[in-house]
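Worksheet: one structure, shown below.
The values are calculated or read from the model by the stated rules, or taken from the named source; none is laboratory data. What you see is a predicted model, and the numbers here were worked out from it, not measured in a lab. A quick note on method: Cβ atoms are made from the backbone with ideal geometry, for glycine too, and the neighbour counts reach across all protein chains shown. These area figures cover heavy atoms from the full protein model, side chains too; ligands, DNA and RNA do not enter into them. Shrake-Rupley method; radii C 1.70, N 1.55, O 1.52, S 1.80 Å.
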Number of protein chains: 2
Amino acid sequence: MGSRRPTLEAVAARARVSRATVSRVVNGQSTVDPEIRDAVLRAVAELGYVPNSAARSLVTRQTDSIALVVSEPPTRVFSDDPLFSLVVRTVSSELELAGKQAVLMLASSPQAQARVEDYVSSGHVDGVMLLSMHGADPLPGAVARMDVPAVSYGRPAVELPHVDNDNVGGAEQAVRHLLDSGRRRIAAIAGPQDMTAAQDRLTGYRDALRASDRRSIVAVGDFTRASGATAMRHLLEDDPGLDAVFAANDLMAVGALQALRKAGRRVPDDVAVVGFDDIEAADFTDPPLTTIRHPVVEQATAMVRLVLTPPAERASDRVVLPTELIVRDSA
Amino acid sequence: MGSRRPTLEAVAARARVSRATVSRVVNGQSTVDPEIRDAVLRAVAELGYVPNSAARSLVTRQTDSIALVVSEPPTRVFSDDPLFSLVVRTVSSELELAGKQAVLMLASSPQAQARVEDYVSSGHVDGVMLLSMHGADPLPGAVARMDVPAVSYGRPAVELPHVDNDNVGGAEQAVRHLLDSGRRRIAAIAGPQDMTAAQDRLTGYRDALRASDRRSIVAVGDFTRASGATAMRHLLEDDPGLDAVFAANDLMAVGALQALRKAGRRVPDDVAVVGFDDIEAADFTDPPLTTIRHPVVEQATAMVRLVLTPPAERASDRVVLPTELIVRDSA
DNA sequence: GCCGACGCGGAGAGCGCTCCCATACTGGGG
DNA sequence: CCCCAGTATGGGAGCGCTCTCCGCGTCGGC
């Protein structure tokens, strides 16, 4: 083992051809005589030749790997884990299909961010995918300025190609469902407003209410269950007559469910509840949660496709995927 | 934008020194006159120079990245997700501390495995970490044969440096706890025997029983909840007099809990139950599950340390981390 | 029968970097 | 005052690969 790996040169010598010819064979060019091609292939097999990737990418200027940058502090929100896992897995296997490799980078700390920037600008990767939800995150901006294709999972705060689910439309869907079932006084528990998803969901709620000429009543949470419960209590104090609530994510909806029960309101009889995300647990709550499902796998797939498509050939720099209303018992 | 990135050469020209000197400065060698060093640094900053990693690793023969190869079919076992997520995060940030990058690779299909082998042997990475639990997995064997440091998370079926938790000891701990609390007839629900962890846990169970001269009674599950319930039913049929059960993982323990309830046995009064893993849900079962916790983060950290240490300098090729008995209400 | 076209293989440059080695220059001791 | 050690800098080779020429040979058409 210790010995150096065989080079193109060695293969060429063994097959009695030139380096160029071996290169042509290895890279699958058609202009090679079948007989010579076979000889080369045999030499490759005998020597166990594998091209040196550093040498190759030095001249081709591409690396066949794409970075997936996750810029959330680890396990920040518990509900992120399944999402993280699913997105990582989808991205990775989708990339594999295209003959590319996923390089996972965490960018939780400022130093880590700097490392990411260096890594990317040193030409390690052919593209960058961002998984980052906070508006204050400096990374999307930084990445957008580098001359490497970059896309984001979810709408970033800055101008950057991205694929998002239709948060506005999903929220509208939720509220319209409430409206259609005869609810009159529909409150919202909004998410942290430094996240675009939270902003968009609030916008959807407002749009839907405005369209039907109803007043909005909003409490803001931070996407955790506890904050959902607190927000629900406030909402109940402010407007005891409310008969429905739209929570910007399921975790907060679960909190709302608990607060509602504690306040003696029946769900859905007295108050209807709709969540957002369709997390695993939504099916196990009491009552099971009506919610908005968004296509995580499709979104990840679309993101991969986007980053792999040269900007010039893209139909659009922005993909928005439809959401789906999942009706269970809570509304 | 658009234009080529500046090279060492450009920096040298601007700083009016030679390439070699710039290289020395960039790589932090001490033998450079402070004045010249400053001039170089200034040129670097002005030009926004970042070293080309391909060129560098072509000559240094190292890439500063390490592969993390996950060879489970995606989301096979639901309980794997948190583990996957935690290990990935730990490995990634631990590697970052050492100035290395994590390259995540999925090797679920045979083609993907082949890709991994090519990737590794083409010199893309300086080391490989394996996350694979099945004995039938051919990858550990393949990787062990290449001249790149490889380590495994969990004991692999083949000879390969690894860091594992003490599955044998943990199972012994569990059984001993049962023994100490006066249980006389202790059954086991074993995991799939093509996984080393499952083998070891069964061994621990047997060892502990043998030490106290008791007979073992074993049903085999596949680490899922449903299989735990089924196994429990069988155990109850075979030996209605049993008063304790050790399940090789928590998911199966949860299944056992359900089967026990359905059979009218009270836990822990009639039958004591101990699980393994200490998953999130172990705290929420009824009754809360007594279980064996193993140090996931420490294990991942130790694995990183192992792969980063040249074989010659290693104290040992095998690290085994202690487990901890978490006593709740089920036993 | 000659010439152009075309197909295929080879030579060689060069990608951006590191590192060995030679060279210049400094200072201290004899 | 000269020489030699010691130290900082430059020159240059070469890592392994791709790709652009270039040339050779063959074939077909007029």
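Can you pull out every residue in region B:121-138 that is surrounded by 23 or more Cβ atoms within 10 Å (Cβ to Cβ) and out of contact with any Leu (no Cβ under 9 Å at 6 or more places or on another chain)? Within region B:121-138, B:124, B:125, B:133 meet the criteria.
Only one entry in B:44, B:40 is over 30 Å from residue B:147 (Cα atoms) and away from chain A (no Cβ under 14 Å), namely B:40. Within region A:3-44, the set of residues being touching a residue at least 12 places away in the same chain (Cβ under 8 Å), within 12 Å of DNA strand C (Cβ to nearest atom) and not in a helix (DSSP H, G or I) comprises A:7, A:16, A:17. Of the numbered criteria (1) closer than 22 Å to residue A:255 by Cβ; (2) surrounded by 16 or more Cβ atoms within 10 Å (Cβ to Cβ), the one residue A:179 fails is (1). Those residues that are assigned to a loop (DSSP other than H, G, I, E, B) and open to solvent by less than 40 Å² (accessible area, probe 1.4 Å), I need them from region B:310-331; list them, please. B:314, B:323, B:330, B:331, listed by residue number. If you go through region A:136-145 one residue at a time, do you hit one that is away from DNA strand D (no atom under 16 Å from the Cβ), of a type in the set (D, E, K, R) and under 20 Å from residue A:161 (Cβ atoms)? Yes - at least one qualifying residue is present in region A:136-145. Checked against (1) part of a loop (DSSP other than H, G, I, E, B); (2) open to solvent by 60 Å² or more (accessible area, probe 1.4 Å), residue B:285 passes all but a single condition, namely (2). Filtered by the rule that a residue be facing chain A (nearest Cβ under 7 Å) and farther than 30 Å from residue A:86 by Cβ, region B:54-74 gives B:54, B:55, B:57, B:58. Of all residues in region A:10-46, those satisfying the criterion of being modelled with pLDDT of 90 or more, more than 13 Å from DNA strand D (Cβ to nearest atom) and closer than 20 Å to residue A:56 by Cβ are A:41, A:45. Condition test on residue B:5, is it within 14 Å of chain A (Cβ to nearest Cβ), buried (at least 16 other Cβ atoms within 10 Å of the Cβ) and away from DNA strand D (no atom under 12 Å from the Cβ)? It is true that residue B:5 is within 14 Å of chain A (Cβ to nearest Cβ), buried (at least 16 other Cβ atoms within 10 Å of the Cβ) and away from DNA strand D (no atom under 12 Å from the Cβ).
Of the strands (runs of 3 or more DSSP E) contained entirely in region A:81-163, those carrying at least 3 residues that are facing another protein chain (nearest Cβ under 8 Å) fall at A:101-106.
Taking region A:176-203 as the range and being β-branched (Val, Ile, Thr) and within 21 Å of residue A:233 (Cα to Cα) as the test, the residues that pass are A:186, A:189. Of the strands (runs of 3 or more DSSP E) that lie entirely inside region B:177-266, those containing 1 or more residues that are over 27 Å from residue B:134 (Cβ atoms) and not assigned by TED's automatic domain parsing to the domain that holds residue B:156 span B:186-190, B:244-247. Considering only residues of region A:102-111 that are of a type in the set (Gly, Ala, Ser) and modelled with pLDDT under 85, which is least open to solvent (accessible area, probe 1.4 Å)? Ranking the candidates gives A:109 first.
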